[in-house]
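Report on the structure given below.
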Amino acid sequence: MMKKALILIVNILLLAEIVFCVFVKQKGAGTADHLRMMDQPKDSFPSATGEKIKALSAKRIYVITVKKKQQSSSGSSHRPSSGGSSSGSSSQPQPQKTPYYSDAGGMLGMINAEREKNGMNALKWDSELYQACKIRCPELQQKFSHTRPNGMPGKSAYPRYRSYPTGENISVISYWDSNALKNFYNGFRNSSNHYFNMIQQPYTHVGIAIYYADNGKVYCCMLLTEKN
C-alpha cells in the first residue's frame, strides 16, 4: 500500500515537471518571437499583429507631432512681436527708420520775444533758408563745424548768401525730449556769438531745421539773413 502511494506521488511530480517545462518553453518562444518582431523595421512586420503595431506607432507619432505643434503655438502667443507691438512696449517711442526733419517753428516765438526786448525787429520765417538748413543738418553729423565737408562756409548752403548778409548758428544734443527746442534756444542764448547772430544782428528772415540723426543725436541748424 505504501509502495503504491509513493509511486503515485512520483508520477504526479513528474507530470507537474513536464507541464512546467512545456509552459516555460512556450512562453520563452513567445517572448523571443516578440523581441525579433520589434527588432524588425516597421514596414516588414509579417503578421496582423505587426500591422496593428505599425498603425498604433503611426498614430502615436501623429499625436506627438500635434501636441508639439500645439505647445509651440501656445508658447509663442504671449511673446511680443519684433515690431514692439506688445502692451508692455507700446507706450515707448519707436525709433525712426530714417532721419527726418522738423521746421522748429516753435523756436521763432522765443527768438522774437528776446529781439523785442533788445529793440530789434521781429524775424520772418523763410522757407528757402529752411531748405538750406535741411542741407546743412546731415553735414553736421559728418563734420560739426561752420565749414562744410566740401570746404565751403556753412552759410553757402543758402544759394543767395553772397547777395545778402547771412549768419549761421549750429548746435547738437544727445537725445530728443519735450524740452529740446528750449534747450537749443537756451544754448544759443547763453553763447555770446550765437546770441549776437540770433538777437542783435539786423537780420530780417530766419530758417531753422532739426535733424534726428541715425546716430541717436539731434542736430539744429539756424540760418539768418537780411533781405532788403
Checklist entry - If a residue has to be in contact (Cβ under 8 Å) with a residue 60 or more places away in the chain, under 33 Å from the mean Cα position of the chain (by Cα) and farther than 11 Å from ILE208 by Cα to count, how many in the range 122-143 make the cut? => result 3
Checklist entry - Looking at (1) in a loop (DSSP other than H, G, I, E, B); (2) surrounded by fewer than 17 Cβ atoms within 10 Å (Cβ to Cβ), which is the one condition that is false for TYR161? => result (2)
Checklist outcome for this item: Taking the range 114-127 and keeping only residues that are open to solvent by 60 Å² or more (accessible area, probe 1.4 Å) and assigned to a helix (DSSP H, G or I), one is left with GLU116, LYS117, SER127
Next on the checklist: Quick check on SER156: is it surrounded by 14 or more Cβ atoms within 10 Å (Cβ to Cβ) and either hydroxyl-bearing (Ser, Thr, Tyr) or more than 37 Å from the chain's Cα centre (by Cα) (or both)?
Outcome noted: yes
Checklist entry - Looking at the range 139-147, is at least one residue touching a helix residue (DSSP H, G or I) at 6+ places or on another chain (Cβ under 6 Å) and under 19 Å from LEU108 (Cβ atoms)? => result no
Item to check | Search result, residues across the range 179-219 that are among the aromatic types (Phe, Trp, Tyr), under 17 Å from ALA104 (Cβ atoms) and in contact with a Lys or Arg (Cβ under 8 Å, 6 or more places away or on another chain) | outcome: TYR211
Item to check | Scope the range 173-214; condition touching a residue at least 24 places away in the same chain (Cβ under 8 Å) and in a helix (DSSP H, G or I); matching residues | outcome: ALA180, LEU181, LYS182, PHE184, TYR185, PHE188, ARG189, HIS194, ASN197, MET198, ILE199, GLN200
Checklist outcome for this item: Residue set ILE170, ILE111; condition open to solvent by less than 50 Å² (accessible area, probe 1.4 Å) and part of a helix (DSSP H, G or I); output residue ILE111
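The values are calculated or read from the model by the stated rules, or taken from the named source; none is laboratory data. If you're wondering where the values come from, they're calculated on a predicted model, not measured in any experiment. Methodologically, a virtual Cβ is constructed for each residue, glycine included, from the backbone with ideal geometry; neighbour enumeration extends over all protein chains shown. Ligands, DNA and RNA are excluded from the accessible area calculation, which covers all protein heavy atoms including side chains. Shrake-Rupley method; radii C 1.70, N 1.55, O 1.52, S 1.80 Å.
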